[in-house]
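Structure, as structure tokens:
Readers should treat all values here as calculations from the given coordinates under stated rules, not as data from a laboratory. Remember, predicted model here, so these are calculated numbers, not experimental data. Please note: Cβ atoms are built from the backbone with ideal geometry, for glycine as well, and neighbour counts cover all protein chains shown.
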Amino acid sequence: DAKTTQPNSMESNEEEPVHLPCNHSTISGTDYIHWYRQLPSQGPEYVIHGLTSNVNNRMASLAIAEDRKSSTLILHRATLRDAAVYYCILRDYDGGSQGNLIFGKGTKLSVKP
Amino acid sequence: NAGVMQNPRHLVRRRGQEARLRCSPVKGHSHVYWYRQLPEEGLKFMVYLQKENIIDESGMPKERFSAEFPKEGPSILRIQQVVRGDSAAYFCASSPGIQANYGYTFGSGTRLTVV
């Protein structure tokens, strides 16, 4: 799997939007961009994924750069429950790879009341 | 629709004992993955299994660790002769397929403490 680069930590205020960046300059054409988060003392939780187009779901939005070398996870209104480590992961299945999710260090998001 | 069920949630073992961690995937998911998270560290891939087959065990320690996913019943991660360094949270995940547009569903984990 190609590598991703994320800031180690970010802070946000409650009720404000949060933009979590991820760089993946070596992304291949078949890599999907996945985001997971891990709340304290819990297992990881799927957030969103996309390939080329921006994606929205009930949890977040994913904005993907036109060249796909970066993406941004957008939490529209941060709550205290959004405090977690957010992981940006590239997942590929090209027929020869198992495409396992490989977790990096992620971004630790703190939300202030 | 139950998610991934892991049990026990907490497991305490003395050094030298065996630890058995169980994982029931989401109904209909035939792909199971095990991860380990040491204290204050990230998630490390251990093994990927399909029913009755180990597909990728590149992250498994060579000794004392084994995994299975039988035709019937949960997936089992077995650690023989546990040592203090095995103390960690072990997470299981499942997916309906290996295509890159499928996500994983994770369980709540088993926290193993070796005393």
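The residue list B:GLN37, A:THR26, B:ALA19 was ranked by how far each Cα lies along the charge dipole of the protein assembly as shown toward its positive end, using unit charges on Cβ atoms, and B:ALA19 comes out on top. Among B:ILE55, A:ILE89, A:ILE64, a tally of other beta-carbon atoms within 10 Å of each Cβ gives an order, fewest to most, of B:ILE55, A:ILE64, A:ILE89.
Hey, got a sec? Which trypsin sites (Lys or Arg not before Pro) in region A:1-105 land in a DSSP loop and have at most 16 other Cβ atoms within 10 Å? Numbers along the way, then the final one.
Values: sites: A:LYS3, A:ARG37, A:ARG58, A:ARG68, A:LYS69, A:ARG77, A:ARG81, A:ARG91, A:LYS105; in loops: A:LYS3, A:ARG58, A:ARG68, A:LYS69, A:ARG77, A:LYS105.
Listed in order of number, the matching sites are A:LYS3, A:ARG58, A:LYS69, A:ARG77, A:LYS105.
For a footprinting-style exposure proxy, rank A:GLU15, B:GLU72 by other Cβ within 10 Å, fewest first. Working shown, then result.
On the way: A:GLU15 11, B:GLU72 6.
Ascending Cβ contact count within 10 Å gives the list B:GLU72, A:GLU15.
State the percent of C-alpha pairs, over all pairs in region A:1-40, separated by a distance greater than 14 angstrom. In whole percent, the share of Cα-Cα pairs in region A:1-40 beyond 14 Å is 59.
A crude spin-label estimate for the pair B:GLN17 and A:ARG81, with each label 7 Å from Cα along the Cβ direction, gives 3.6 nm. Extending 7 Å from Cα along the Cβ direction at B:SER58 and again at B:LYS71 yields two label points whose distance is 3.1 nm.
In the protein assembly as shown, taking the dipole from charged Cβ atoms about the Cα centre, the farthest positive-side position among B:LEU112, B:TYR48, B:MET60 is held by B:LEU112.
Using C-alpha pairs below 8 Å separated by at least 6 residues, the relative contact order for region A:16-63 is 24 percent.
Return the FRET efficiency for the residue pair B:THR113, A:SER53: r is the Cβ-Cβ distance, R0 is 41 Å, and the value is rounded to the nearest 0.05. The pair B:THR113/A:SER53 has a calculated efficiency of 0.35. Rg and Dmax over the alpha-carbon atoms of the protein assembly as shown stand at 17.8, 54 Å. Placing R0 at 30 angstrom, the Cβ-Cβ distance between B:GLN80 and A:SER25 gives a FRET efficiency of 0.10 after rounding to 0.05. In a simple Cβ point-charge model (Lys, Arg +1; Asp, Glu -1; nothing else charged), region B:6-115 has a dipole of about 400 debye relative to its Cα centre.
Where the only charges are on Cβ atoms (+1 Lys, Arg; -1 Asp, Glu), what is the dipole of chain A about its Cα centre, to the nearest 20 debye?
Numbers: 11 positive and 12 negative charges, 41 e Å.
Taking the Cα centre of chain A as origin, the dipole is about 200 debye.
Percent of Cα pairs in region A:1-108 per distance bin of 10 Å, from zero to the largest separation: 15, 50, 29, 5, 0.
Based on the Cα coordinates of region B:1-41, what is the per residue volume of their convex hull in Å³? Walk me through the numbers on the way to the answer.
Values: hull volume 4.4 nm³, N = 41.
It is 108 Å³ per residue.
For region B:16-27, the Karplus equation 6.51 cos²θ - 1.76 cosθ + 1.60, evaluated at θ = phi - 60°, returns couplings of x, 7, 9, 10, 10, 10, 10, 9, 9, x, 4, 4 Hz by residue, with Gly and Pro reported as x. Remark on A:GLU14: its backbone amide H falls under 5 Å from those of A:LYS112, a criterion applied only to residues 5 or more positions apart or on other chains, H modelled at 1.01 Å from N.
For region B:27-115, the set of trypsin sites (Lys or Arg not before Pro) satisfying both a DSSP loop assignment and a count of at most 15 other C-beta atoms within 10 Å is given as B:LYS27, B:LYS51, B:LYS62, B:ARG64, B:LYS71.
Averaged over the residues of peptide B:103-110, the number of Cβ atoms from other protein chains lying within 10 Å of each residue's Cβ is 5.
State, as an integer percentage, the relative contact order of chain A based on alpha-carbon contacts under 8 Å between residues 6 or more apart. It rounds to 37 percent for chain A. Relative contact order of chain B: 37 percent, from C-alpha pairs under 8 Å at least 6 residues apart in sequence. Under 5 Å between amide hydrogens, built in the peptide plane, is the criterion, and for A:LYS108 it picks out A:SER9, A:MET10, A:TYR86 among residues at least 5 positions away or on other chains. Placing pseudo-labels 7 Å out from each Cα toward the beta carbon at A:ALA65 and A:GLN42 gives an inter-label distance of 3.1 nm.
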